[in-house]
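Here's the structure we're looking at; comments come further down.
The values are calculated or read from the model by the stated rules, or taken from the named source; none is laboratory data. These numbers were taken from a predicted model, which means no experiment stands behind them. Quick reminder, even Gly has a Cβ in these numbers, built from the backbone with ideal geometry, and neighbours come from all protein chains shown.
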Amino acid sequence: MNRLLLLVLSLGLGLPAHAADLLEIYRQALSQDAVYASARATWQAGQEKLPQGRALLLPSVNLSGNTTYNDINTQLRGPSVLKGGSSQFNTNGITVSLTQPLYRKQNYDQYLQAKSQLAQSDAQLNVAAQDLTVRVSQAYFDVLAAQDNVTFATAQKAAIAEQLASAKRNFEVGTATITDTHDAQARFDLVTSQEIAAQNDLEVKKQTLQQIIGTAPASLNTLATDLPLGLPEPNDMERWVEAAQANSPLIKGQEAALEFANREVERNRGGHYPTIDLVGSYSQTAASGSANFGAGNDTTSKLIGIQMNVPLYQGGGQQSLVREAIANKEKAQQDLENARRSVIYSTRQAFLGVTSGVAQVKALEQALVSSQSSLDSTKLGQEVGVRTGVDVLNAQQQLFSAKRDLAQARYSYILSQLRLKAAAGQLAEDDLIQVNQWLRDTQ
């Protein structure tokens, strides 16, 4: 049994680690990201606003009780039928009271405010969910881009090292000048520093992703080279802007905030209105004695009635509250306008990012082919003596720059698609599932 266990463990340790894809990282973030967890807790707290507002319209019932020890000394002046002297006795009582608001404008407005707060908390959670999707995708592709930069820097370093060795050999045999060697050495030293910087940047990007998912990220699936390119559907910027204005959770949240501010004005104006309540009580009192009669007694009291309260003067405080609420309403209106403008700007920016991204990726794919052809031709020219080592180094640098720019353009194109959906309030897990199909496990 022990040998079998050791065999299984050794086979397991020999298996390559599973590379995580975008969907796995996203689902980790749903349960581990502190920012989204905070937004979810805020949403849960916001759900309680409605029952709190509804409670202001419902009856309140209170139960109170008391027990009192009485030690009374009565001295009478003149003739009286009452009994004087000292008496000690207990008094016990219990009261149940009920208050049902019949007309309280402030309470009703506060109930309507609770509905606005509920809508606002729903919109804020939606904003946080879409923000999480974009942040996870951004961090994921940032890691891939950083990995590409390390790979390209390492490959470029190896190519320059080969050119440096060739330049040294040619100088030793007298077929090249020392200038080629110095130039190759300078390029080699520069790309070495770039490789170090790329490795540091990769660690930083991994830490950023770790901050979202709570653990060190495993190796990640990489983007396939046959990325399908497509224009937004519909391919009309203004239709996307219209959809964003209608569906954006950011705008919906600010609309709910404005509705809350409107109700706050009405609620504070309601402070000038009378209040009418239905009140009732039932009480029982038991006394073991009496100060004047000596005998105990039991008393039952039942009351029901209408109570009205009319505020006449409150020192000007209520008028001040109304003015404050009106100013806050103006602020909410401006916040809503700013949210609309921001959503329109973000939607147009993302739309242009997708459309220009398609053209940019296609152009860089062609540039990569051209750069590879240029490098091959330059190497051939060096072999026949019409090109120098410096020319080869330049061609190599151009090729690696084209590779880096193409990879970055692909990531930017995908992120622009996600940002466009988010700006229009349409980003969902299905969009990540689609992007996930473009990834490949390189383990």
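Listed residues Ser97, Ser86; which is without any contact (Cβ under 8 Å) to a residue 60 or more places away in the chain and either assigned to a strand (DSSP E or B) or touching a strand residue (DSSP E or B) at 6+ places or on another chain (Cβ under 6 Å) (or both)? Spell out how you get there, then give the answer.
Numbers: Ser97 fails: without any contact (Cβ under 8 Å) to a residue 60 or more places away in the chain.
Ser86 is the lone residue from the list that is without any contact (Cβ under 8 Å) to a residue 60 or more places away in the chain and either assigned to a strand (DSSP E or B) or touching a strand residue (DSSP E or B) at 6+ places or on another chain (Cβ under 6 Å) (or both).
In the set (1) more than 30 Å from Trp240 (Cα to Cα); (2) surrounded by 12 or more Cβ atoms within 10 Å (Cβ to Cβ); (3) modelled with pLDDT of 95 or more, the condition left unmet by Ile306 is number (2). I'd like the residue in region 307-323 that is free of Cβ contacts under 8 Å to residues at least 40 places away in the same chain and assigned to a helix (DSSP H, G or I) and, out of all such residues, is nearest to Tyr273 (Cα to Cα). That would be Gln319.
Let me confirm something: among Ser86, Ser116, which residue is in contact with a Ser or Thr (Cβ under 9 Å, 6 or more places away or on another chain) and more than 30 Å from Tyr411 (Cβ to Cβ)?
Numbers: Ser116 fails: in contact with a Ser or Thr (Cβ under 9 Å, 6 or more places away or on another chain).
Checking each option against the conditions leaves just Ser86.
When each of Ala146, Ala165 is tested for being surrounded by fewer than 19 Cβ atoms within 10 Å (Cβ to Cβ) and either assigned to a helix (DSSP H, G or I) or assigned by TED's automatic domain parsing to the domain that holds Gln397 (or both), the lone residue that passes is Ala165.
Residue by residue, here is whether (1) surrounded by 14 or more Cβ atoms within 10 Å (Cβ to Cβ); (2) in a strand (DSSP E or B); (3) in the same structural domain as Leu364 (by TED's automatic domain parsing) holds:
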{"position": "Glu203", "(1), (2), (3)": "no, no, yes"}
{"position": "Ala216", "(1), (2), (3)": "no, no, yes"}
{"position": "Asp226", "(1), (2), (3)": "no, no, yes"}
{"position": "Glu238", "(1), (2), (3)": "no, no, yes"}
{"position": "Val241", "(1), (2), (3)": "yes, no, yes"}
{"position": "Ala246", "(1), (2), (3)": "no, no, yes"}
{"position": "Ala257", "(1), (2), (3)": "yes, no, yes"}
{"position": "Ala261", "(1), (2), (3)": "yes, no, yes"}
{"position": "Gly280", "(1), (2), (3)": "yes, yes, no"}
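Taking the criterion of being more than 31 Å from the chain's Cα centre (by Cα) and more than 30 Å from Leu321 (Cβ to Cβ), the residues of region 233-290 that qualify are Gly280, Ser281, Tyr282, Ser283, Gln284, Thr285, Ala286, Ala287, Ser288, Gly289, Ser290. Quick check on my filter: what residues within region 342-383 are closer than 15 Å to Ala424 by Cα and not small (Gly, Ala, Ser)? Within region 342-383, Val343, Ile344, Tyr345, Thr347, Arg348, Gln349, Phe351, Leu352, Val354 qualify.
Please pick out the residue among Gln319, Gln314 that is over 30 Å from Asn247 (Cβ atoms), touching a helix residue (DSSP H, G or I) at 6+ places or on another chain (Cβ under 8 Å) and surrounded by fewer than 16 Cβ atoms within 10 Å (Cβ to Cβ).
Details: Gln319 fails: touching a helix residue (DSSP H, G or I) at 6+ places or on another chain (Cβ under 8 Å).
Only one candidate qualifies: Gln314.
Among the residues of region 60-76, those identified as under 14 Å from Ser86 (Cα atoms) and free of Cβ contacts under 8 Å to residues at least 40 places away in the same chain are Tyr69, Asp71, Asn73, Gln75, Leu76.
Residue-wise test of (1) charged (D, E, K, R); (2) under 30 Å from Val127 (Cβ atoms); (3) in a loop (DSSP other than H, G, I, E, B).
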site: Gln28; (1), (2), (3): no, yes, no
site: Ser31; (1), (2), (3): no, yes, no
site: Ala41; (1), (2), (3): no, yes, no
site: Ala45; (1), (2), (3): no, yes, no
site: Ser64; (1), (2), (3): no, no, no
site: Arg77; (1), (2), (3): yes, no, yes
